[in-house]
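Throughout, read-outs are computed from the coordinates displayed, never taken from laboratory work. What you see is a predicted model, and the numbers here were worked out from it, not measured in a lab.
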Amino acid sequence: MLEANSPVPDDRPDQGADDEDEVYGIMDDLDALEELIEDLDELELTTRDAVNLALITANQSQGDRQADALISRLEEILLAMEEFRVTSREDILAKLSELEEQAGSIELDETTYDS
């Protein structure tokens, strides 16, 4: 039985665990964005429009094993660009910088992010 002046037990999960989960999520996003940049660089593409054009061109050779692999890769790039709401390599770099700043803020306990 609790006394009137007793503090109410804190049933919330440890905030540090939430912050840690948030940092791991951001790190996953950073890895995905870095892979996206690598893919764009390897294919010598810099914008979503360029990826779309490359996809249209690759679809003209559909059925060829190499073209099919390229089509799949380009579709994955487009999905990632849509997911992260980026349209160019520059947007990706800006998003990377933003996420790195968020992770740093969380690690330093400067800010908390509620989902």
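Per residue, what volume in Å³ does the convex hull of the Cα atoms of the range 16-107 enclose? Walk me through the numbers before you get to the answer.
On the way: hull volume 7.8 nm³, N = 92.
Convex hull of Cα atoms, per residue: 85 Å³.
Given a cut-off of under 8 Å on Cα pairs at least six residues apart, what relative contact order in percent is computed for the range 16-107? Kindly include the intermediate steps, with their values, before the conclusion.
Values: 60 pairs, mean separation 40.5, N = 92.
The normalised contact order for the range 16-107 reaches 44 percent.
Pull out the extension gain between Met27 and Leu55, defined as 0.36 nm times the separation in residues minus the alpha carbon to alpha carbon distance; nm, one decimal. Please report the intermediate quantities before stating the final value.
Details: separation 28, 0.36 × 28 = 10.08 nm, distance 2.90 nm.
Here the segment from Met27 to Leu55 would lengthen by 7.2 nm.
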